[in-house]
Amino acid sequence: MPESTVEFELKFLVPAGARSALRAALGERGARLETRRLVARYFDTGDRRLARAGMSLRLRREGRRWVQALKAGGEAALERFEHEVPRPGPDLDVAAHAGTVAGDRMAELLADGEPLLQRYGTDIRRTTRTLRTRGAVVELAFDEGRIAALDRELRVCELEFELRSGPPGALFALAGQWRERFGLLVDPRSKAERGDALADGRAPASPRRAAPIRLRRKAAVAEAWRAALDECVAQVLANAIGLGAAVGVEGLAARSGARSPALERADFVHQLRIGLRRLRSAIRLFRGWVPPVDASIASGARDLFRALGAARDRDALAQQIEPALDRAGAPGVPAAAEVAAPAAASDVAALIAGDASQRWLLALLAWRHGLDAAPSPAGGVVEAAAGSAAESGAGQPEAAPLAPRARRRLARWQRAIVDEAPRFAQLDDAARHRLRRRAKRLRYASEFVESLIGGKETRRFVESLQAVQQALGELADLALAEQHYGRESPGDPRDWFARGWVAARRDALVAQAAAALAVLAGHRPFDKR
């Protein structure tokens, strides 16, 4: 049986304007290139069992030979398990992968006899070049072609860097050089993921919402830290490529029942900001228990979050405030429905595709991989913040259970929020905004450890936090509306109406937020049991 391998690779979407230059660069200095046509068929059950399990089964013609491959997620963030077997012809043999972890898992999924069907196919022209750099051997694969499912088709143009041997740092350095030179975009999607979406009638990139994290009840700090980071990074990357793909060759063709481009773009922006906020919350939750996070990672997340704020504010005005004013009977034409939506969309795409954002996304991946490559500190975790040694358990190893530490820290964060409840009505907009940030941080951190702590009380606590966050979020939107409609104007009737509506709505929301904070104070999921 052929040996299983673990791929370590980085994928990038190639902007439409960079394809010719990239082709030329591959052949620079008389480099030896190999070009092949790869025609593949991908199989799954009608209910997508393999895709839902993070697996793909492929039968590919490579020249005159047929190769069957089973792929699945690896143990590390950028690794993929792959098991290939030669085939005499275009016929599947699921048993050929028996004896591998992924093959045995696939056998379990298909144990009831559910048939495998071809769901989509690919036709790719691949040009490869091998480079030696900094003690490493890296293969560059430039793929151009299409993914097809029934009557739907998606164009593909991507560059992949695969580490054949040597240190991963060399791979990241080389990829960084090519990224900067050709404006490449970090793209976490495999062809299988895009093909599965195409066959399912979905867009090749869809807004990616937060997913729950499943932890063992006795999960250690290091285990939970990596699980939380993987979830945050996945959400950030998926939504970033959803916004940046506009500079590539992919066309988001209209689909039956599809949302408008403006609404979908707004959802990508919203979910990317949530992913960045969750990442920052995870860094704060684990601070003092794990090695310090590189300052550029934390500051980069903050800077991108803030840069997306202008787009988010435009979306809030156009899609929430203005419709609410119309329902309330506001006169005139919506001021926020500025037909600058296409410009706003191109601004966001340019921001995500820009050098600063892409440099940070690649650095984020390099840093995350480094956590898997580096051994745990022999002497335990790093120093805790002053005054919180008891809470952080300073001096304990990363292998220590997370639950008791998390309980203490989250209980303290909860008290800081609840203490504001009695005087909430007297807080100004800036103080309410700070309270909202703390509520978000507490919510996301609580969701990270919800499966570890468990119980109905924890679920009710998270739901009460969502209610607090909802009310505070609406208050923040009202503050934005007040600023927008409070500008100097020659007595525009809609502006006058909006100011009165904001004032009336604020009183109701202040009462709603105060009530939600009171409910939150009644839940104590982190008390020692």
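The values are calculated or read from the model by the stated rules, or taken from the named source; none is laboratory data. No experiment lies behind these values; they were computed from the predicted model shown. No Cβ is skipped: glycine too gets one built from the backbone with ideal geometry, and neighbour counts run over all protein chains shown. We work out accessible area using only protein heavy atoms, side chains counted, and drop any ligands, DNA or RNA first. Shrake-Rupley method; radii C 1.70, N 1.55, O 1.52, S 1.80 Å.
Of note:
- Of the criteria (1) modelled with pLDDT of 95 or more; (2) more than 29 Å from the chain's Cα centre (by Cα), which one residue 134 fails: (1)
- Total residues in segment 50-77, condition touching an Asp or Glu at 6+ places or on another chain (Cβ under 7 Å) and either in contact (Cβ under 8 Å) with a residue 60 or more places away in the chain or open to solvent by 40 Å² or more (accessible area, probe 1.4 Å) (or both): 4
- Some residue of segment 53-64 being closer than 25 Å to residue 200 by Cα and outside any strand (DSSP E or B): yes
- Test set (1) farther than 25 Å from residue 169 by Cβ; (2) of a type in the set (Gly, Ala, Ser); (3) at pLDDT 55 or above; (4) open to solvent by less than 60 Å² (accessible area, probe 1.4 Å) - residue 363 fails condition number: (1)
- Hey, residue 336 in a loop (DSSP other than H, G, I, E, B) and either modelled with pLDDT under 90 or surrounded by 21 or more Cβ atoms within 10 Å (Cβ to Cβ) (or both) or not: yes
- Count of segment 27-52 residues which are of a type in the set (A, V, I, L, M, F, W, C) and at pLDDT below 95: 1
- Residues satisfying the stated conditions in segment 54-74, i.e. touching a helix residue (DSSP H, G or I) at 6+ places or on another chain (Cβ under 8 Å) and over 16 Å from residue 190 (Cβ atoms): 68
- Some residue of segment 242-261 being modelled with pLDDT under 95, farther than 25 Å from residue 359 by Cβ and not in a loop (DSSP other than H, G, I, E, B): yes
- Of the residues making up segment 36-48, those that are open to solvent by 40 Å² or more (accessible area, probe 1.4 Å) and either within 30 Å of the chain's Cα centre (by Cα) or within 20 Å of residue 95 (Cα to Cα) (or both) are 41, 46, 47, 48.
- Considering residues of segment 259-302 that are in contact with a Phe, Trp or Tyr (Cβ under 7 Å, 6 or more places away or on another chain) and among the aliphatic types (A, V, I, L, M) only, the residue farthest from residue 366 (Cα to Cα): 285
- Test: residue in segment 427-446 that is open to solvent by less than 30 Å² (accessible area, probe 1.4 Å), among the hydroxyl-bearing types (Ser, Thr, Tyr) and farther than 17 Å from residue 212 by Cβ: no
- All positions within segment 366-380 that are modelled with pLDDT under 90 and open to solvent by 20 Å² or more (accessible area, probe 1.4 Å): 372, 373, 374, 375, 376, 377, 378, 379
- Residues located in segment 305-317, provided they are free of Cβ contacts under 8 Å to residues at least 40 places away in the same chain, crowded, with 18+ Cβ neighbours inside 10 Å and of a type in the set (A, V, I, L, M, F, W, C): 305
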